[in-house]
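Below: the structure, in structure tokens.
We did not get these values from a lab; they are worked out from the coordinates using the rules stated. Please read these numbers as outputs of a predicted model, since none were measured by experiment. When we count neighbours, we look across all protein chains shown, and the Cβ atoms used for this are built from the backbone with ideal geometry, even at glycine.
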Amino acid sequence: MRDLRPRPTEFPLTMPNQPLQSRIASVRAGTTSHVWRKLFVLGASVLLTLWTTREMYEVLAVSGMTLLEWVLLFVFAINISWICFAFVNATIGFACAVAPRHAARSADPVCIRNVRTVLTFPIYNEAVEDVFATVSATARMLEDAPGFYECFILSDTTDPEIALAEEVAYAELLKTVRGNVSVRYRRRTINHHRKSGNIRDFVMRWGGRYDHMIVFDADSYMERDTIVHLVEEMERAPHTALIQTIPQLVGGRTLLARCQQFASALYGPILGGGMAWWAQNEGNFWGHNAIIRISALAEAAGLPEMPGKAPFGGSILSHDFVEAAFLRRAGWNVEIRPEIGGSYEQGPPTIVELVKRDRRWCQGNMQHMAVLLKTGGLSWTNRFHLITGIFSYLASPLWLIFITLGMLLSLQNSFMQPAYFGDEASLFPTWPVIDSERALTLFFVTMGLLFAPKMYGLVYGLVSREWRRSVGAGKTILGALTETALSVLIAPILMATQTGAVINVFRGKDSGWSPQERAQGGYSFLATLRHNIPATLLGAALMMAATAISPVYAAWLAPATVGMVLAAPLSYWTAKESAGQRARQAGLLVSPVEVRLPDSVGLSWAEVRAFSALPKTDMVSLLRDRVSQRKRRPLIDPYWPLQRHEVHEPLALARARVTRVLTLEEYIKAISKAELMAILNSSQDLESISFRFAVAGRVAGDVSAYERLMSSERAGGRTTTSSGGQRSGT
């Protein structure tokens, strides 16, 4: 019979903090990675970088190199190295994607009847109806699946209104999910170490109950067969700790979301396939849509706090990359499996939300600099994963520096006087000039390297049977052209915002931990304009400076400046569902997941309406309803991770304020959101406070009745004596 308790009996695992300095353990698996693949990717990227850098040197060194030109060459070499690696990775991924696949050797059958797998849903102030609809649909899909499955909602919610909605939704969930799959719910009382701490709390309390854990994000979906396949693959590979799928974006309704969805479907198999080819058993982890061996995670991936203060110190924000590196350091295999389909997630619906997410990710990736410097024993492949994450954000300020240096060099060539008298005797002055013909050739080569992954994706879409049947060649070509045009316009906006995010990190500004807004509603134009003012001003400044240098230079720089100048209208337009709908009607940006909606997504969306219609509960009503208080007792996690003699300040303040007010309404106004949340997480305190105000209300009611009696007696001309013996009355 299915267990209806919110939390099962605890079966703890120890998950100690791993030391930053450690030695690599012996390899556990008999199948190791082929080093030649990694050397091939590295060698090809380095050779291509050296060639393009040499060409850039020839462009600049026509009449000798000035200091400014040397700096420009150095920045160019760093930037082009990233483009060259992406090109090599995409080329390999394209070859893997279009190569004819031979019939796979039949894998040995594996029995997963007794394998216990938990599907965890870490959430933080998310839209309740969406998350619980996904949990409900997932649990229903797995009712007849081989193996043992449980869904576990791991809430880190800090908003009292959302927390109450989660409790109502969970009660409804228990009514609708009636199969063999139990659905659990735990809300942490103290949110130590954010998402990684949320998962760690689960592992240390219930991890021993399960063999594997499949981690969902708040907007993740996975097909039933995909879940079963992941469990089977883990059972076949006892030395593998983690298998990461490559989730495709789904459910986009705004123009931006549809653009990202199309790109992930067309280019994702290319880029992910290339990474899987060279990384092999030393893959990466992206935090969700992956299966993890719980015993390996507990043994090897307990993350320590980084020394110092945020943003470089404190809790590790981008924990997934580091957890993968620690697992590999302990000898476990970490695999990326692009061939395992049926894995989906939603993307940010607006540029504003994309930028907000980028700020948080930027701080986490920049923190990896400290991880690289202070952590020993990591394989060079995992170090490279961390470096690529760092450079994905450093690339933006570096390209902006490159543009600025190019402007200064153009100014030097246009306005600076030639050096007539140098260190050596010369009959002619030294003019700062460049090789224009070679520069044009290098420009086209760079554009070719940059856009090659998109061309690979287009060819993949044209030869793929799935794309041909569901989308068609014509719509695939139109979609690729539309996506390319939009990405060219949006890329400069992200360059500006990511540059600002990097600057803030180095200024020591903590980005915080704000939940992502996943609704498709968009922002008003004024709000969009306010968010995009820095990018707009930067674009206008670059455009005016380029025009002052020369109209030709301004035209050359236009692809970078136009997007920034139009940042606000572009952000507003791409955030509109109507624009996305018109694109769909025109046959633009159509992807296979849109033509045939995955079952997991369709079932989840069908359940949203039921959870949206649930009644809302407010704090005042709960404090007045003793019956509801008793019903919710089992939902509340009694565990408070406090040291002996340690006091949880919000709860202590909430208790203290009770004695300072007279009515419940005054109390609700007097306490903060954190204090309200602390009361919700303590059944004893909530019921005690409720009882206190209920008694106060009865006393107030008796006093009110007494005063009404006195008033009526005074109106009748009679007198009475108070309990103290003093006379009162007329």
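Take the Cβ-Cβ distance between ASP618 and ARG113 as r, set R0 to 45 Å, and report the resulting FRET efficiency rounded to the nearest 0.05. It comes out at approximately 0.45. Using the Cβ of GLN684 as centre and a radius below 15 Å, the other residues enclosed give a net charge of +3, where K and R count +1 and D and E count -1. In terms of Cα atoms, the Rg and Dmax of the stretch 136-203 work out to 13.4, 38 Å. Mind checking the log10 I(q)/I(0) for the stretch 30-176 at q = 0.12, 0.15, 0.22 Å⁻¹? Debye, one equal scatterer per Cα, no solvent, two decimals. Values returned for q = 0.12, 0.15, 0.22 Å⁻¹ are -0.83, -0.89, -1.25. Exposure proxy for PHE121, PHE451: other Cβ atoms within 10 Å of each Cβ, ordered fewest to most, give PHE451, PHE121. What FRET efficiency would be calculated for the residue pair ALA77, LEU537, taking the C-beta separation as r and a Förster radius of 25 Å, to the nearest 0.05? The calculated FRET efficiency here is 0.25.
Take the convex hull of the alpha carbons in the stretch 569-710; its mean projected area over all directions comes to 16.8 nm². For the chain, the relative contact order works out to 19 percent when only alpha carbon pairs closer than 8 Å and six or more residues apart are counted.
For the chain, DSSP calls about 35 percent of its internal beta bridges antiparallel. Partners of LYS309 within straight-line reach, counting aspartates and glutamates whose Cα lies under 17 Å from its Cα and excluding those fewer than 8 residues away in the same chain: ASP510. Calculated over the chain, the projected area of the Cα convex hull averaged across directions stands at 44.3 nm². Taking Cα atoms only, the orientation of helix 683-715 departs from the longest principal axis of the chain by about 50 degrees. Sorted ascending by nearby beta carbons within 10 Å, beginning with the fewest, ARG357, ARG329, ARG178 become ARG178, ARG357, ARG329.
Under 16 Å Cα-Cα from LYS454, which aspartates and glutamates qualify once same-chain neighbours fewer than 8 residues away are excluded? Hits, sequence-local ones excluded: GLU483. Highest mean first, the peptides 468-475, 576-583, 491-498 sorted by other C-beta atoms within 10 Å per residue fall in the order 491-498, 576-583, 468-475. Take the Cβ-Cβ distance between PHE444 and ARG609 as r, set R0 to 56 Å, and report the resulting FRET efficiency rounded to the nearest 0.05. With a Förster radius of 56 Å, E is 0.60. Per-residue ellipticity at 222 nm from helix content only, as computed over the chain with -39500 (n - 2.57) for each DSSP H run of at least four residues, stands at -19500 deg cm²/dmol.
A simple spin-label model places the labels of ARG37 and LEU653 5.3 nm from each other, with each point 7 Å out along Cα-to-Cβ.
Across the stretch 83-195, Cα pairs under 8 Å and at least six residues apart give a relative contact order of 29 percent. Tell me the net charge near VAL445. Cut-off is 15 Å between Cβ atoms, VAL445 excluded, with +1 for each Lys or Arg and -1 for each Asp or Glu. Value of the local net charge: -2.
Pairs from the list LYS356/LYS576; LYS631/LYS673; LYS195/LYS576; LYS616/LYS669; LYS38/LYS509; LYS175/LYS356 with a Cα-Cα gap above 27 Å: LYS195/LYS576; LYS38/LYS509; LYS175/LYS356.
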